[in-house]
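Asks: The structure under discussion is supplied below as structure tokens; questions concerning it will follow.
The values are calculated or read from the model by the stated rules, or taken from the named source; none is laboratory data. Model, not experiment: these values are computed from the prediction. Cβ placement follows ideal geometry from the backbone for every residue including glycine, while neighbour counts extend to all protein chains displayed.
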Amino acid sequence: MIRAGVNTKGEQLVELGVEYRHIEGAPKQVPIERFQMSQVKYNTMALRDGPFIKGLRIDHIEEAIGLRASFEDGSRQFGIRSHTRGLVYQKSRSTLMPPTGFGRTLVLFLALSLAPAQQTFSPTPDMYQAIQGVSSASLRGNLSFIASELLEGRDTPSRGLDIAAVYIAAQFSAARLDPAGDDGYFQTAKMLRTVPAPDGFELRIQDGSHALTVSKDQASVQSQGPLELSGAPVYKVRDLADLRDGEGKGKVVLLPASRENSREIAKVTAALQPVAFLEVADKEDGSSQRRLLDPDERHDTFAGVPRLIVHDAEARKLLRAAKAGETGLTISVKLTTPTLIPVTVRNVIGLLRGSDLKLRDQYILLTAHYDHLGMDGPGRVFHGANDDGSGTVSVMEVARALARLPQHPRRSIVFMTFFGEEEGLIGSAYYAHHPLLPLAKTIADLNLEQVGRTDSTEGPQISNGSLTGFDYSDLTSYVQRAGERTGIKIYKNLIGSDAYFTQSDNFSLAEEGIPAQTLCVAFDYPDYHAVGDEWQKIDYENLARVNRAIALAMFLMADSDQPVRWNESNPRTESFVKAWKQRGAQ
């Protein structure tokens, strides 16, 4: 048993023992070797000789500690010698079986119990110094620019978005991250912006004798050419099981409202040659209205089938309530040829190269989206300070902190900010479909969303954080352990954890099989998607504390002996686990 405690002099001491199980007549725990060593001496040896248990910084000596034990059973004597090298952060055990005739088992059990609170990770002095360098003033300074009037709400695409990209790249350069884009720190995406014709748009949904007309500003259309339908039947698909006997051919196919499995369903359905896809927007206000097309996605996923995305509240309610299969609804559409304008937008990517020659080609991602909603008709700016300027400046701040380490963690860490989340996760989807680093070597993604405001509509969120998909992977345990060490409680939000898993950029990576979750402080707050989401309303001291937890979590994942894994026992991860295994990440 490795224990840690504090003696009367305030020194942190370590004690070693061994536990026997299933041995008749043996006490529950037999101390074999005991030693005490001050934390100063322990850490001195650790810094000199390198990590002994990765991430277990109090117990961090390169020379393996030998456990020697012996006991007698009649005329027989059984001895063991074991080394504890290679154990990981959590409680670990190694079961040692004597020869069959002995009929007994000895279990070596290692645990760490730190006073005053239980911990499983203690930073080295260098790591402690790095995370203490996270600065609320730096966060405030960066966000006051990112969310300023000058950047005009960082719409995708826009001049303000381009300025933000250059600013983020400059911060990555200042932190001495390696450029990881196809153009320095930029991943350039050649997209098409759809501009509907000023007239010639009609969309009508017929439900028996009731006709619902959807106006042009309450619908998004993604089509390269004109589209005209009259009374086309609507066929609703919830999952692949609904596609029976070629159903969907020549019909308007209503895709699932949830993003889960939607891409796979769209690919299969497109092969059936529907006349159009019909989709229900995530949000009624039109903020998720997609105006950009990825030419590759249009061909690979939707096979060029036109897409109609409805934002109108009454239409959304009607379509969501429709039964699966033949809905009894019909659609009439008249769309003249839209104008397609080529645009260039950018993800921003910096790389902190890992220190281990074998693991440095594996990657842990820290991500956030740097776009927002731009301006409204009267010219008011949607500043997007919390959504997601707070995540963006956190990516920059954590990069700055971890880059200070004299020895980087073993795996490489990728710091990335996405364009176009508000357009429907298109920046993260673009990276997932055009990766600049191998997805098969990408171990996990911690995405950041709305981490700056503590005035949640659910009540104050001081020193709190939650993860979407809380039970989906063991990424949660890394963030929890880091939170415990830095005073941040990571909890499961019963309302938001599962519901919001598909609503941020983590989902694009999860679809490719990468364990990916989003850290959020306030799922909802005053001024969400409103002009009042300003940088002055951020709790910067709390944001700095959250950033320290993020930095530790990233270090833990990057330095772990074992990669992050999906929770295969959770049925909601089935499609992600399937993709994970397909890319050889078992």
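Asks: Taking the criterion of being of a type in the set (Asp, Glu) and either closer than 30 Å to SER144 by Cβ or buried (at least 16 other Cβ atoms within 10 Å of the Cβ) (or both), would at least one residue in the range 191-199 satisfy it? It would help to see each step written out before you state the result.
Replies: Keep residues of the range 191-199 that are of a type in the set (Asp, Glu), which gives 199.
Imposing the further condition that a residue be either closer than 30 Å to SER144 by Cβ or buried (at least 16 other Cβ atoms within 10 Å of the Cβ) (or both) reduces the set to none.
No, that holds for no residue.
Asks: Applying the selection to the range 199-227, what residues are closer than 25 Å to GLU326 by Cβ and among the basic types (Lys, Arg)?
Replies: Hit for the range 199-227 is ARG204, nothing else.
Asks: Has the range 296-315 got any residue that is under 27 Å from the mean Cα position of the chain (by Cα), buried (at least 17 other Cβ atoms within 10 Å of the Cβ) and modelled with pLDDT of 90 or more?
Replies: no
Asks: Taking the options ARG360, ARG410, ARG346, name whichever one is touching a strand residue (DSSP E or B) at 6+ places or on another chain (Cβ under 6 Å) and over 25 Å from ALA147 (Cα atoms). So that I can check it myself, show each step before the final result.
Replies: Working: ARG410 fails: touching a strand residue (DSSP E or B) at 6+ places or on another chain (Cβ under 6 Å); ARG346 fails: over 25 Å from ALA147 (Cα atoms).
Just a single option satisfies the conditions, and that option is ARG360.
Asks: Next question. Taking the conditions exactly as written (among the charged types (D, E, K, R), in a helix (DSSP H, G or I) and either at pLDDT 80 or above or under 32 Å from the mean Cα position of the chain (by Cα) (or both)), does LYS267 satisfy them or not?
Replies: yes
Asks: Anything in the range 383-422 that is closer than 18 Å to ILE163 by Cβ and surrounded by fewer than 24 Cβ atoms within 10 Å (Cβ to Cβ)? List them, or say none.
Replies: Matches in the range 383-422: none.
Asks: With a cut-off of at least 1 residues that are β-branched (Val, Ile, Thr) and in the same structural domain as ILE146 (by TED's automatic domain parsing), name the strands (runs of 3 or more DSSP E) lying wholly within the range 290-385. Steps first, answer last, please.
Replies: Details: elements: 307-310, 325-335, 339-352, 363-369.
The strands (runs of 3 or more DSSP E) meeting that bar are 339-352, 363-369.
Asks: Out of all the residues in the range 409-443, which are more than 17 Å from the chain's Cα centre (by Cα) and over 23 Å from ARG565 (Cβ atoms)?
Replies: Correct list: GLU423, HIS434, LEU436.
Asks: Considering only the range 415-439, how many residues are under 24 Å from MET554 (Cβ atoms) and either assigned to a helix (DSSP H, G or I) or among the β-branched types (Val, Ile, Thr) (or both)?
Replies: Residues flagged as under 24 Å from MET554 (Cβ atoms) and either assigned to a helix (DSSP H, G or I) or among the β-branched types (Val, Ile, Thr) (or both) within the range 415-439 amount to 9.
Asks: If you don't mind, another one. Counting only residues that are over 30 Å from GLY153 (Cβ atoms), at pLDDT below 95 and hydroxyl-bearing (Ser, Thr, Tyr), give me the helices (runs of 4 or more DSSP H) lying completely in the range 496-586 with at least 1 of them. Give the derivation first.
Replies: On the way: elements: 506-510, 540-559, 574-582.
Result: 574-582.
Asks: Which members of the range 558-569 meet the condition of being closer than 20 Å to ARG481 by Cβ and of a type outside the set (Ser, Thr, Tyr)?
Replies: ALA558, ASP559, ASP561, GLN562, PRO563, VAL564, ARG565, TRP566, ASN567, listed by residue number.
Asks: Within the range 501-524, is even one residue more than 15 Å from the chain's Cα centre (by Cα) and among the charged types (D, E, K, R)?
Replies: Yes, because at least one residue in the range 501-524 is more than 15 Å from the chain's Cα centre (by Cα) and among the charged types (D, E, K, R).
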